[in-house]
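A quick write-up on the structure given underneath.
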Amino acid sequence: MYMIVVGAGGIGTALVEIALRDKHNVAVIERDSRKADAVSRKYDVLVLNDDAASVDVLREAGAERADALIATTSDDATNLMVIVLGGDLGIPSLVSVVNNREHTELFRRLGANVMENPEVIVAEYLYNAVHRPKIKDLVTLSGGAQVFRAAITDKSPLVGRTLLEAGKRGLIPDGVLIAAIQRGGETIIPSGTTAIQAGDLVTVFTKEHATDELVERLTG
């Protein structure tokens with residue numbers, strides 16, 4: 001895969017490293033000369049020290065053969081222009097960081113896959129790691145849905161009950177789905193007849209933000 005990464009900040013640089021690790025070809029466009037120089041010295045990639053909001057610059061970066069264009073700057077206006085131009089140039093996959101959540105739908109209407117403000121996502125993750133130590137790997141999805149893993153203790157009302165029974169008794173509320181169970185080194189994709197055991201690590205999907213009450217109800 002050939003991808004163009006716009007922005008050589010923390011996200012862009014990490015993305016370049018991951019892409020190269022997986023043997024992809026990468027071009028980087030960075031307006032800040034110091035950042036562009038740092039990437040050029042560290043990685044064997046094409047680096048353009050220029051403004052990516054330009055058809056000519058994108059073409060110089062290889063837009064005609066690019067499989068993906070990824071905008072990672074901290075400026076939504078720049079990212080938006082990059083996505084518009086990438087669409088005009090026919091780049092198949094358009095991806096962008098969106099720093100202001102109010103702009104998310106606009107990016108999507110232009111055909112971009114989006115990642116909402118990564119700083120907020122990291123902050124929420126760290127907050128939950130402190131505030132809710134029983135849950136792990138919490139990810140907030142677009143629209144407020146969340147996915148996380150929770151350890152089931154022997155005090156959980158779910159222990160010994162099947163998922164179907166737990167649902168009927170209201171122990172698993174509407175809008176909450178137990179999508180996977182890790183048990184004894186094995187990953188189980190559960191059905192309604194799967195019973196929860198103490199010590200299970202369950203992967204939970206919630207349509208809305210998980211409340212403390214929900215976490216306590218699930219984990220005990």
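Taken together, the values in this text are just the output of simple stated rules run on the coordinates, not laboratory data. If you're wondering where the values come from, they're calculated on a predicted model, not measured in any experiment. Quick reminder, even Gly has a Cβ in these numbers, built from the backbone with ideal geometry, and neighbours come from all protein chains shown.
Rounded to the nearest 20, the size of the Cβ-charge dipole of the stretch 150-193 about its Cα centre is 120 debye, with Lys and Arg at +1 and Asp and Glu at -1. Only DSSP H runs of four or more residues enter the estimate; each adds -39500 (n - 2.57), and after division by the residues of the chain the mean residue ellipticity at 222 nm equals -10000 deg cm²/dmol. For the stretch 14-128, the relative contact order works out to 17 percent when only alpha carbon pairs closer than 8 Å and six or more residues apart are counted. When the Cα positions of Ala61, Ser74, Ala14 are compared along the charge dipole of the stretch 1-87, Ala14 comes out farthest toward the positive end, with charges on each C-beta of Lys, Arg, Asp and Glu.
Students often get this wrong: which residues of the stretch 63-101 have the backbone nitrogen under 17 Å from the point 7 angstrom along Cα-to-C-beta of Leu46? Residues 63-71, 86-87, 89-93 fall inside that zone. What the Cα atoms of the chain give is an Rg and a Dmax of 21.7, 64 Å. Spin-label model, His209 to Glu102: label points 7 Å out along the Cα-to-beta-carbon direction sit 1.9 nm apart. With bins 5 Å wide beginning at 0, the percent of Cα pairs of the stretch 142-192 falling in each bin runs 4, 16, 25, 30, 15, 7, 2. If only the Cβ of Lys and Arg carry +1 and only the Cβ of Asp and Glu carry -1, the dipole of the chain around its Cα centre is close to 840 debye. For the stretch 1-119, the fraction of alpha-carbon pairs lying more than 18 Å apart is 43 percent, rounded to a whole number. Starting from the Kirkwood radius over alpha-carbon pairs of the stretch 1-57, derive D by Stokes-Einstein at 10 °C in a medium of 1.306 mPa s and give it in µm² s⁻¹. Rounded to a whole number, D works out at 143 µm²/s.
Computed about its Cα centre, the charge dipole of the stretch 34-76 is approximately 280 debye, with only Lys, Arg, Asp and Glu carrying charge at their Cβ.
Short to long, the 10 Å bins of the Cα pair-distance histogram for the stretch 24-88 hold 21, 57, 22, 0 percent of all pairs.
Checking every one of the trypsin sites (Lys or Arg not before Pro) in the stretch 144-220 against DSSP loop status and a limit of 12 other Cβ atoms within 10 Å picks out Lys155, Arg169. For each pair in Lys168/Lys207; Lys23/Lys136; Lys136/Lys207, compute the distance between the two Cα atoms and list the pairs where it is over 27 Å. Over 27 Å apart, Cα to Cα: Lys23/Lys136.
The residue among Ala38, Ala112, Thr187 whose Cα reaches farthest toward the positive pole of the charge dipole of the chain, with charges on the beta-carbon of Lys, Arg, Asp and Glu, is Thr187.
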